[in-house]
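These notes are about the structure you will find just below.
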Amino acid sequence: MKKINLIVVAFCVLGFISCQNSNTNNPETSSPSVSSVLEVEQKVTALLKQMTLEEKIGQMNQYNGFWDLTGPAPSTGAAAKKHEHLRKGYVGSMLNVRGVENVRKVQKIAVEETRLGIPLIIGFDVIHGYETISPIPLAESASWDLKAIKKSAQVAAEEAAAAGINWTFAPMVDISRDARWGRVMEGAGEDPYLGSKIAFARVQGFQGSDLSQHTTIAACAKHFVGYGFAESGREYNTVDVGTSTLNNIIFPPFQATIDAGVRTFMNSFNELNGIPATGNEYLQRDLLKDQWGFDGFIVTDWGSIEEMISHGHAKDGKHAAEIAAKAGSDMDMESYLYVTELANLVREGNVKEAYIDAAARRILRVKFELGLFEDPYKYCNLQREKEVIGQQAFHDAALDMAKKSIVLLKNDNQLLPLKKQGQKIALIGALASDKTSPLGNWRIAAKDSTAVSVLEGMQAYKDNQLTYAKGADVSLGKTKFTAELNINTTNRSEFPQAIAVAKTADVVVMVLGEVGYQSGEARSRTELGLPGVQQELLEAIYKVNKNIVLVLNNGRPLVLNWHQEHLPAIVEAWQLGTQSGNAIAQVLYGDYNPSGKLPMSFPRAVGQVPIYYNYKNTGRPSIPASNTVFWSHFQDVQNTPLYPFGYGLSYTTFEYTALKAKVVSNHEIKVSVILKNSGKISGKEVVQLYIKDHYASVTRPVRELKGFELVRLEPNQSQKIAFTLTEKELGFYDNEGDFIVELGDFSIFIGSDSNAKLHTKITLK
Ligand code: NOJ
């Protein structure tokens with residue numbers, strides 16, 4: 001098989017494409033000038049010279065604050081030392097300290113009471129907003145709107161920065177194909193191409209073009225690496241994946257964050273192929289830092305150094321600290337082991353002091369870049385905090401993002417949009433009036449009951465007769481840490497009232513799904529239906545009124561076979577944040593024409609999971625060549641998902657024609673298609689381009705997304721959409737980790753989802 005990998009290497013050198021062995025310069029990212037980089041390095045060097053071993057190790061130590069907890073509570077013994085360590089300069093960072101007053105308090109200790117006055121870097125999980133909450137990241141990803149996603153991160157950064165925070169533990173760029181895993185809500189879904197574009201946009205949004213501004217904060221690419229591939233989707237579970245999947249599916253979004261200039265990484269809880277990520281020298285030192293050229297710092301995940309004992313990789317805490325430091329974990333989040341063990345390990349000759357110097361250098365570098373040495377209180381302005389947090393412009397951005405995140409899954413007989421006048425509408429479901437659940441998981445700084453509910457959103461349309469009935473609760477859980485969240489209510493006492501309301505309605509809008517905390521960290525599920533008695537409620541209502549619009553609130557793909565078969569209209573509305581109800585109402589009433597597309601496949605059955613569009617063909621693909629049973633399939637369910645990756649409808653329709661592909665050279669394929677809005681209203685479409693590399697030395701998926709464009713068209717308007725494919729899109733990583741392009745046949749598909757039918761073929765000779 002003829003390869004053109006040499007050419008690709010040349011391109012890498014020129015910085016034209018993202019390659020595993022190079023850190024590309026992206027023109028969109030404004031990198032600091034050479035002189036300012038040198039200046040920072042000189043300052044760091046001068047500071048390091050003054051520091052004792054313990055002070056350098058102190059920079060590598062991160063403590064949780066005294067308020068929120070986002071992991072298991074530490075033992076009181078260790079926790080009691082926090083203040084003492086802060087005063088000695090043995091703490092480099094704190095997480096979960098928020099609000100100007102609190103941040104100022106801890107910063108003051110670091111700056112005014114320690115020997116060298118080195119400021120703290122203050123970390124917080126600003127995942128989809130700070131106090132003004134945007135849609136959960138999976139929902140935002142359904143917009144495929146990179147500008148809006150970047151803007152959402154920008155707003156989150158500005159609001160969090162006003163509250164004293166200068167570092168977010170986001171974006172989570174873990175690819176996942178497993179809806180059982182609760183953390184899919186926090187990522188961009190199943191696809192490395194879309195995931196990379198979104199990862200890039202989010203880092204740019206958080207960090208802006210100048211990290212030293214008081215409106216921007218350092219981003220953190222997490223979790224390095226493989227966390228989204230936990231066996232059976234069970235949280236924190238073992239990960240075992242091969243080289244090809246690592247190189248081609250899992251790594252690319254992380255590489256994209258480096259291209260965007262991300263300043264920090266977080267490693268992951270899981271072991272990868274037998275070695276916990278936190279103790280993995282190859283991943284952290286050799287690959288990330290040396291090969292990819294990442295010069296920021298790596299923080300561990302919460303307590304993950306100590307967890308290497310439970311993994312069966314370290315003998316005790318001291319051994320765990322040694323392994324982590326050698327592996328290149330720069331900062332210890334909440335294991336308390338660097339601060340207690342590292343100095344002795346260095347003195348005994350088990351850990352090189354050069355490793356400590358390098359880690360401290362990386363951390364100090366980011367602090368200088370943030371401008372914390374110039375003004376440690378630059379994020380601590382009480383006046384700004386009051387003025388900035390919750391400002392109208394943030395709510396406007398959250399509403400815009402929320403509308404763009406909604407995916408229309410079904411709309412028979414144009415039941416939607418609803419008429420604005422003269423309709424009797426029954427609104428049913430506990431989630432319809434819920435003002436907290438739409439905030440989703442990871443909204444630590446947002447106050448409960450601050451989201452606009454669907455009920456409130458729909459009440460704004462006054463010329464219809466709207467009647468609300470709860471019907472049934474979802475879960476018994478009240479607080480975010482209770483296991484009760486997964487115990488769903490069995491109370492059916494309010495069914496009759498909901499049935500009565502539905503009976504006389506023209507249309508029934510049912511808002512069903514998961515409570516915000518039923519997805520997210522530590523929220524894995526084995527069933528993917530509607531929790532509790534909601535399905536029963538839905539079927540009871542269906543018996544008296546079939547004109548149902550199902551509005552889903554959920555943090556992961558669900559199994560919706562019954563719904564697809566019986567219901568005329570289904571709207572995927574995820575958990576959309578503070579402006580949730582307004583966004584949903586505007587879509588239901590047609591004031592916003594939905595254009596979202598699924599970033600994850602929706603299975604027909606849990607048994608199909610992991611399910612994803614870019615699967616491999618197998619030797620016996622899912623087309624029965626004969627009547628035998630000997631082909632790759634299930635006996636009881638089709639192989640395909642219910643809703644494929646990239647799927648989503650609009651209130652208008654689009655037609656694709658005239659697909660053309662021209663091989664300009666082996667490095668450049670020009671592709672074009674004509675898109676027409678064939679419906680009656682203005683609408684947006686995500687034009688998606690997929691390729692299939694027919695045969696290769698390492699087998700390629702049946703389809704791979706390699707381009708997309710968001711296009712708005714008026715009725716009857718047509719537009720030519722053009723794409724250029726280069727080595728970057730046509731190549732792949734082989735099992736040695738080299739990026740190569742192999743000549744041969746490629747199919748190109750263009751359409752409105754990953755099942756796009758329109759296709760053409762090209763050959764690279
Ligand atoms: C554990 C989570 O895995 C990680 O994503 C988060 O940033 C930390 N806790 C801090 O809250």
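Output the pairs from LYS81/LYS326; LYS151/LYS367; LYS503/LYS546; LYS597/LYS684 with a Cα-Cα distance over 18 Å in this structure; if there are none, say none. Show your work: numbers first, answer last.
Values: LYS81/LYS326 25 Å; LYS151/LYS367 24 Å; LYS503/LYS546 10 Å; LYS597/LYS684 11 Å.
Too far apart for the 18 Å limit: LYS81/LYS326; LYS151/LYS367.
Across PHE654, PHE746, the residue with the most accessible area heads the list, and the full order at a 1.4 Å probe is PHE654, PHE746. Which whole-angstrom value gives the distance between the alpha carbon centres of region 559-626 and region 351-393? Taking the Cα centre of each part, region 559-626 and region 351-393 sit 40 Å apart.
For a modelled paramagnetic label at GLU539, 7 Å from Cα along Cα-to-Cβ, the residues of region 548-584 in reach, with backbone nitrogen under 15 Å, are 560-567.
Each 10 Å bin from 0 upward holds the following percent of the Cα-Cα pairs of region 654-764: 14, 45, 27, 11, 3, 0.
Between the helical axis of 392-405 and the longest alpha-carbon principal axis of the chain there is an angle of about 60 degrees.
Roll a 1.4 angstrom probe over the protein heavy atoms and tell me the percent of accessible area of the chain that is carbon or sulfur.
Numbers: 14140 of 28370 Å².
So the carbon and sulfur contribution to the accessible surface is 50 percent.
For the chain, the longest principal axis of the alpha carbon atoms and the long axis of helix 34-50 meet at an angle near 50°.
Regarding the chain, what whole-number volume in Å³ per residue does the convex hull of its Cα atoms give?
Hull volume over Cα atoms, normalised by residue count, gives 160 Å³.
Quick one: Cα centre-to-centre distance for region 708-765 and region 444-473, in angstrom? Here the answer is 42 Å between Cα centres.
As an exercise, use a Förster radius of 25 Å and the Cβ-Cβ distance of ASP210 and LEU69 to find the FRET efficiency, rounded to the nearest 0.05.
On the way: r = 33 Å, r/R0 = 1.32.
E between ASP210 and LEU69, to the nearest 0.05, is 0.15.
Region 150-211 and region 656-683 have Cα centres spaced 30 Å apart.
Split the chain at each of the GluC sites (Glu not before Pro) in a DSSP loop with at most 10 other beta carbon atoms within 10 Å, and the longest piece is 1-347.
Under 13 Å from the Cβ of GLN213, count the other residues' Cβ atoms, weight Lys and Arg +1, Asp and Glu -1, and hand me the total. Working shown, then result.
Details: positive: LYS378, ARG384; negative: GLU158, ASP210, GLU369, GLU374, ASP375.
Net of charged neighbours comes to -3.
Axis of helix 192-207 versus longest Cα principal axis of the chain: the two differ by about 60°, to the nearest ten degrees. Figure legend: label point modelled 7 angstrom from the Cα of GLN465 along Cα→Cβ; residues of region 408-425 with amide N under 11 Å from it are 422-425. Look at the dipole of the chain built from charges on Cβ: of ASN248, GLN62, PHE269, the Cα furthest out on the positive end belongs to ASN248. Helical runs assigned H by DSSP (4 residues or longer) give the chain a calculated mean residue ellipticity at 222 nm of -8000 deg cm²/dmol, each run adding -39500 (n - 2.57) before division by the residue total.
Among the listed pairs LYS670/LYS706; LYS289/LYS728; LYS150/LYS403, which have their C-alpha atoms separated by more than 18 angstrom in this model? Cα-Cα > 18 Å for LYS289/LYS728; rest within. Note on region 654-764: dipole from Cβ charges, positive end direction compared against PRO701, ASN735, TYR690; the farthest Cα belongs to TYR690.
Counting only aspartates and glutamates at least 8 places from LYS720 when in the same chain, those with an alpha carbon closer than 20 Å to its own are ASP145, GLU655, GLU668, GLU685, GLU709, ASP753.
Neighbours of LYS660, meaning other residues whose beta-carbon lies under 10 angstrom from its beta-carbon, give a summed charge of +3 when Lys and Arg score +1 and Asp and Glu score -1. Charge tally around PHE394: other residues with Cβ under 10 Å, Lys/Arg +1 each, Asp/Glu -1 each, net -4. Which residue, chosen from ALA451, ILE499, GLY471, occupies the Cα position most advanced towards the positive end of the dipole of region 402-608, where the dipole is computed from +1 (Lys, Arg) and -1 (Asp, Glu) charges on Cβ about the Cα centre? Positive-most Cα among the choices belongs to ALA451. Note on the chain: with charges restricted to the Cβ of Lys and Arg (+1) and Asp and Glu (-1), its dipole about the Cα centre is near 1440 debye. Ignoring lysines fewer than eight residues from LYS386 along the same chain, the ones with Cα atoms less than 17 angstrom from its Cα are LYS378, LYS447. Dipole magnitude for region 654-764: about 680 debye, using +1 per Lys or Arg Cβ and -1 per Asp or Glu Cβ, origin at the Cα centre. Sparse packing (at most 12 other Cβ atoms within 10 Å of the Cβ) combined with a DSSP loop state is found for the following trypsin sites (Lys or Arg not before Pro) in region 647-698: LYS680. For region 402-608, a simple Cβ point-charge model (Lys and Arg +1, Asp and Glu -1, everything else neutral) yields a dipole of about 280 debye relative to the Cα centre. Label zone of THR52 (point 7 Å out along Cα→Cβ, amide N under 18 Å): in region 104-135 this covers 110-119. Excluding same-chain neighbours fewer than eight residues apart, the lysines reachable from LYS88 by a Cα-Cα span under 16 Å are LYS56, LYS105, LYS108.
Using DSSP to define loop residues, name the chymotrypsin sites (Phe, Trp or Tyr not before Pro) in region 575-652 whose beta-carbon has at most 12 other beta-carbon atoms within 10 Å.
Values: sites: TYR589, TYR592, TYR612, TYR613, TYR615, PHE630, TRP631, PHE634, PHE645, TYR647, TYR651; in loops: TYR589, TYR592, TYR612, TYR613, TYR615, PHE630, TRP631, PHE634, PHE645, TYR647, TYR651.
Counting only loop positions with at most 12 other Cβ atoms within 10 Å, the chymotrypsin sites (Phe, Trp or Tyr not before Pro) in region 575-652 are PHE630, PHE634.
The values are calculated or read from the model by the stated rules, or taken from the named source; none is laboratory data. This is a predicted model, so every value here is computed, not measured. As a convention, Cβ positions derive from the backbone with ideal geometry for all residues, glycine included, and neighbour counts pool all protein chains shown. Areas reflect the complete protein model, heavy atoms only, side chains present, ligands, DNA and RNA absent. Shrake-Rupley method; radii C 1.70, N 1.55, O 1.52, S 1.80 Å.
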